[in-house]
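Chemist: Below: one structure in C-alpha cells.
Please treat every number below as a calculation from the coordinates, not as lab data. Quick caveat, the model's predicted, so the values are computed rather than measured. Counting neighbours? That spans all protein chains shown, and the Cβs are built from the backbone with ideal geometry, glycine included.
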C-alpha cells in the first residue's frame, strides 16, 4: 500500500456515501454484479438507499486520512455465518492492498458484532481478481446448501473458517 496503514480506518457508511460508491460503476452489468438484483443503471439516490438497505444492515467504508472512500462493504447473518456483500474498492485505489485491508477489517468487525467464526460471500465467477483476493485470505469455494438461481447461478459461494 502506498499509504500509512495507521491513517486508514473502517467506519460506518451512510446514505451520503452511496453517491460516491455508485460512481465506481459504469454499466448495468457492473452495478448488478456488485449490488445484486434490484440494481439499475442509472438509478436515483433513493432507489440506491432502498436496494442497498444501508440503513438496515451493517455497512462500512474504508477511508484514508483525507476522508476519501477507498472501499465499501456490508455484512449480515446468513445461514449462521457472517455473510459479506457489496464489497468494492474505488477504481482509483485498486491493486494497492485496500481490498485485503477492507476484508480483514470487515471479518474482525463482523466477528465482534455477531460472535460467529465462519464467514461467507458470493463472488461472480468472472471476477478473477476478487476471487484470488478472497482465496489468498483463506476463503474456499464451497457448495451452497440452496439452489443458486438467477444471478447466483454465475457466482461461486466461498467460506472462511479460520
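Chemist: Starting from the 7 Å offset along Cα-to-Cβ, what nm value, one decimal, do you get for the label separation of residue 153 and residue 116?
Modeler: 2.7
Chemist: Moving on. Could you work out the per residue convex hull volume over the alpha carbons of the chain, in cubic angstrom?
Modeler: Values: hull volume 18.3 nm³, N = 162.
Normalising the Cα hull of the chain by residue number yields 113 Å³.
Chemist: Based on alpha-carbon atoms only, what is the radius of gyration of region 42-108 relative to the globular estimate 2.2 N^0.38 Å? Numbers along the way, then the final one.
Modeler: Details: Rg = 12.9 Å, N = 67, 2.2 N^0.38 = 10.9 Å.
Compared with the compact-globule rule of thumb, region 42-108 sits at 1.18.
Chemist: To continue, here is another question. Could you give the length gained by full extension between residue 127 and residue 140, i.e. 0.36 nm per residue of separation minus their alpha carbon distance, to one decimal place?
Modeler: Stretched out fully, the residue 127 to residue 140 stretch lengthens by 3.2 nm.
Chemist: Taking N as the number of residues in region 77-162, what is its Cα Rg relative to 2.2 N^0.38 Å?
Modeler: Relative to the 2.2 N^0.38 Å estimate, region 77-162 comes out at 1.07.
Chemist: Which order results if 33, 126 are arranged by neighbouring Cβ count within 10 Å, fewest first?
Modeler: Ranked by crowding around the Cβ, least crowded first: 126, 33.
Chemist: Moving on to the next point. Rounded to whole Å, give me the distance from the Cα center of region 47-61 to that of region 115-141.
Modeler: Using only Cα atoms, the two centres lie 21 Å from each other.
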